[in-house]
Amino acid sequence: MDLDLTKDELEFREEVRDFLRTSLPDYVRDGAKRTPGVFVEPDIGLVWHRILNDKGWVAYHWPEDCGGTGWTPMQRYIFEKECAVAGAPALSVLGLRLVGPVICAFGTQEQKDRFLPAIRAGTDYWCQGYSEPQSGSDLASLRTRARRDGDDYVVDGTKIWTTHAHHANWIFCLVRTDGEVKKQAGISFLLIPMEQPGVTVTPIITMAGDHEVNQVFLDAARTSVDNRIGEEGQGWTIAKFLLENERGGSFHAPRLIRAIDHLEQLAGVAPSGHNGPLGGDIQIATRIAKLRLEAEALETTELRILADIAKGRPAGPQTSLVKLLSSEIHQRIDGLAMDLHGYDGLQLPTIRPLYGNEAPAPVGDEDAQVAAARYLNSRAWTVFGGSSEVQKNIIAKTVLRL
Amino acid sequence: MNFDLDEGQVMARDSIARFLGPVDVAARHATRRQAGGYSRDRWRQLADLGLIAFAAPEAMGGMGGTMVDLALVAEALGKGLAIDPWLENGVLPIRLAAAAGDAALVGELLAGECFASVAFAEPGRRYETDAAGTKADGDQVAGAKTFVLGAPLADTLLVTLAGGKLAKIASDAAGVVRQDYPVIDGSNAATIDLHRAPAEILNLPRAAFDRAIGDVRLLAAAEMLGLAQTMFDDTLAYVGERQQFGAAIGSFQALQHRLVECYAALEQARSMVLRTAMLDPTTDDAHWPRIAAGAKAFVGEAATKIGLEAVQMHGGMGQTDELAIGHALKRVMLLDKLFGDQDHCLRSYARAA
């Protein structure tokens, strides 16, 4: 039992570090740092996306015959850790991590040829039509209906919490194609072009004042039958495959540990107001210490799961455990950041973005400017991709067999 | 990177499981009723298994186990709810004897011939591990010690002294005044007053002592991990069997979600123990006690939570002294404070980070 990297892995790590040193633009790193949302806006994200694609690394987790890199799980981990340490932005998961792997696994050759290159190139931008106003945690109760009309489906209904729908030209949707069978069995997985009269996007402004999510209205929206992934009625199987990728597709701990390092540095210089730096206060120091222990344990938990995957064992419900733990650590980090910034943490600029020439001047430390927005946005961690309560239901059923 | 056990580790784990057998609460009560709360015969059996030798360096006749090896032993002992004071009367004395260069004592200890207790804690100094008020004058020692685990059974007392010394004192020597008392896991401890007690004085450099404290902190965490696993397993089985309101109580979401929280805490605790043990070879000795302190605080919190939930979910039966979970919880409570409680260890870790 050891944590050692092999010679090849160490060489790979050097290659990744060199690449990040030479290829990650400062303004992209700065934009990532000053983005309160879960992932960056396309103005920053697509820049990094295309740099990665030029290197052949943007879809590193896809199967090789779909344009993946053929990396081992350990190489993926090294890559993600180095990206986190370097402050590279978290890219939109919607194309690369959600619909991409679905098309790789369930798509026809024609669908792969049509959609995968455009995801890798960043020319198609995707959003996800899963939740509906009346179907949140109970996703299988969804009501958006699709009926056949010749070689098309005609889709009616509405999708909500649709991240970056206002940037997207495609939406992948769970729709009901059969109302007569058990609710899971009547669901199909459709790809629908956004640029058509039947699709309307309405912004939803979150507590932080961010426009990340939307409601999407589908009124006789049309898509070709060729844009159905899998068979009619196979949508729920695909949905579960996708959700496992959403929950467990990437490593969380490296970014969390980096954020804690950052808080610790901040506490080391931020004045306590009475006697030395804030980090000298034992209450603050032990809060940071507890978070660090939790995040370091999570890193090892992720590595244990990785070791299983490397041996060909399925990760399965373990992804729910990581989702549960990482979401809570995220929120605790953002809570501690708010506390470290004191009054300055309460500023909540109404202008976006908070990077670039138009950004407002921060009050106090520049990190303080995003602290409140990030804290508020980060409430979503325990809701999206299946709420913490849903993850607990899954673990209770599939791991604990209750 | 690899998380697999090697052949020797699997053998050690399996032989410990065979030695301990299924938890027998009646037998535990009987052992605790014996003088000193434990059996020297059983201690020799433990030594015959090689479990004490595991913790001693090869150069002194031991088996030179790595921290991963030792953590797995501690975990297996916890999982089987061992009544044996392997950590406090096996690992700790042998580590200190080895650090002080007393090969003869190491040999007696690893064979199980000599049973030693380490007197490190001092009244009024809470969890500070270094000695302040116990001092040697020539080859005589004066001072006061408390919470000396296993003292009623000990042949030899290893007494930490101010100024980087360790005194080896026969427990029946003149000037040793011992007050025995039972502690929470059913074992016995003592307060010890030393009035010019005759001793052999060994050098025990502060750094070597701190290193040993780091080792036993991590192993306390590993034993708590095993105990937590057992408490969790027992509880999971119980909620599947216990019927109320016409259903197994494990079908109720209020309990399911809390059990998932316990499961998550358990997996995180396991990760912490393994990670810390694996970090040992690349961690410098000065940093080690604090890393181990962090691990112990983290695992202590998890094991305590799991233990209290186990008792709660077992309802009325959980309040009795007849279930393994209660015995496991009491051992966790001892280990959680041994070599520093969560607050103390977290402070130590925070200063190091």
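Read-outs throughout are calculated quantities, based only on the coordinates presented, and are distinct from any laboratory measurement. In this text the structure is predicted, and so the values were computed from the model without any measurement. All Cβ positions, glycine included, derive from the backbone under ideal geometry; neighbour counts span all protein chains shown.
Laid out as a table, the results:
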| quantity | calculated |
| --- | --- |
| Cut-off under 5 Å, modelled amide H: who pairs with B:Ala56 long-range | B:Met63, B:Gly64, B:Gly65 |
| Under 14 Å, Cβ to Cβ, from A:Ile119 - net charge with Lys/Arg +1 and Asp/Glu -1 | +3 |
| Under the Karplus curve 6.51 cos²θ - 1.76 cosθ + 1.60, θ = phi - 60°, whole-Hz ³J(HN,Hα) for segment B:166-178, x wherever Gly or Pro sits | 10, 9, 9, 10, 5, 5, 9, 5, 4, x, 9, 10, 10 |
| At most 11 other Cβ within 10 Å, DSSP loop - GluC sites (Glu not before Pro), segment A:184-271 | A:Glu195 |
| Proportion of all alpha-carbon pairs of segment A:326-369 beyond 15 Å (%) | 49 |
| Under the Debye formula (equal points on every Cα, no solvent term), log10 I(q)/I(0) of chain A at q = 0.08, 0.14 Å⁻¹ | -0.45, -1.38 |
| Positive-end residue of A:Gly31, A:Tyr77, B:Ala310, charge dipole of the protein assembly as shown with Cβ unit charges | B:Ala310 |
| Principal-axis tilt of helix A:388-398 within chain A, Cα atoms, nearest 10 degrees | 70 |
| Unit charges on C-beta of K, R, D, E only; dipole of the protein assembly as shown, Debye | 1200 |
| Separation of alpha-carbon centers, segment B:263-291 and segment A:145-188, rounded to whole Å | 48 |
| Low-density loop cleavage sites - GluC sites (Glu not before Pro) in segment B:84-174, where at most 14 other Cβ are within 10 Å (DSSP) | B:Glu113, B:Glu128 |
| Proxy reagent accessibility, fewest Cβ within 10 Å first, across A:Val85, A:Val155, B:Val73, A:Val181 | A:Val181, A:Val85, A:Val155, B:Val73 |
| DSSP H segments from chain B that extend 18 Å or more along their own axis, Cα-based, with Kyte-Doolittle mean of -1.0 or above | B:7-20, B:206-241, B:253-279, B:288-313, B:324-337 |
| Residue order, fewest to most surrounding Cβ atoms within 10 angstrom, among B:Leu110, A:Leu291 | A:Leu291, B:Leu110 |
| A:Ala105 versus B:Asn2: modelled label distance in nm, points set 7 Å from Cα along the beta carbon direction | 3.0 |
| Charged-residue dipole, Cβ positions (Lys, Arg, Asp, Glu), chain A about Cα centre, Debye nearest 20 | 960 |
| Simple spin-label estimate for B:Asp155 and A:Met207 in nanometres, 7 Å along Cα-Cβ | 6.6 |
| Positive-end extreme of charge dipole, the protein assembly as shown - chosen from A:Thr144, B:Leu219, A:Val363 (charges on Cβ) | A:Thr144 |
| Debye-sum result for chain B in log10 I(q)/I(0), which assumes one identical scatterer on each alpha carbon, at q = 0.07 Å⁻¹ | -0.29 |
| Residue-count net charge about A:Arg97 - beta-carbon cut-off 13 Å; Lys, Arg +1, Asp, Glu -1 | 0 |
| Karplus-derived 3J(HN,Hα), 6.51/-1.76/1.60, for each residue of segment A:326-340, Hz, glycine and proline x | 5, 4, 5, 5, 3, 5, 5, 4, 5, x, 5, 4, 4, 5, 5 |
| Virtual spin-label span in nm between A:Asp26 and A:Trp71, 7 Å along Cα→Cβ | 2.7 |
| Positive minus negative residues near B:Thr156 (Lys, Arg vs Asp, Glu; Cβ under 15 Å) | -2 |
| Under 16 Å from the Cα of B:Lys330 - lysines, other chains or at least 8 residues apart | B:Lys79, B:Lys305 |
| Relative contact order (percent, whole number), chain A, Cα cutoff 8 Å, 6+ residue spacing | 15 |
| Cut-off 14 Å (backbone N to label point 7 Å along Cα→Cβ of B:Asp172), residues of segment B:84-128 | B:115 |
| Loop sites in segment B:80-145: trypsin sites (Lys or Arg not before Pro), DSSP, at most 14 other Cβ within 10 Å | B:Arg125, B:Arg126 |
| Mean projected area (nm²) of the alpha-carbon convex hull when segment A:44-101 is viewed from all directions | 3.8 |
| Per-residue Cβ neighbour rank within 10 angstrom, fewest leading, A:His61, B:His257, B:His195 | B:His195, B:His257, A:His61 |
| Rounded Å value of the spacing that divides the Cα centres of segment A:62-139 and segment A:10-48 | 17 |
| Extended-chain gain in nm, criterion 0.36 nm per residue less alpha-carbon gap, A:Ile309 and A:His262 | 13.8 nm |
| Stretchable slack from A:Arg114 to A:Ile351, in nm (0.36 nm times residue separation minus alpha-carbon distance) | 81.5 nm |
| Solitary cysteines of chain A, where the nearest other Cys Cβ is not under 4.7 Å | A:Cys83, A:Cys127, A:Cys173 |
| Extent along principal axes [Cα atoms of the protein assembly as shown; Å; largest to smallest] | 101, 61, 47 |
| Cβ charges +1 (Lys, Arg) and -1 (Asp, Glu), total dipole of segment B:13-171, debye | 480 |
| For segment A:199-357, the fraction of alpha-carbon pairs in successive 10 Å shells from zero, as % | 8, 23, 26, 24, 13, 4, 1 |
| Normalised convex hull volume, segment A:1-72, alpha-carbon set, Å³ per residue | 140 |
| Backbone N within segment B:291-332 under 11 Å of label point (7 Å from B:Ala237 Cα along the Cβ vector) | B:324-325 |
| Hits among aspartates and glutamates - C-alpha to C-alpha of A:Lys392 under 17 Å, sequence gap 8 or more where chains match | A:Asp138, A:Glu244, A:Glu246, A:Glu328, B:Glu261, B:Glu267, B:Glu309 |
| Calculated [θ] (222 nm, deg cm²/dmol) that DSSP helices of n ≥ 4 give over chain A, each run adding -39,500 (n - 2.57) | -14500 deg cm²/dmol |
| Cut-off under 5 Å, modelled amide H: who pairs with B:Ser187 long-range | none |
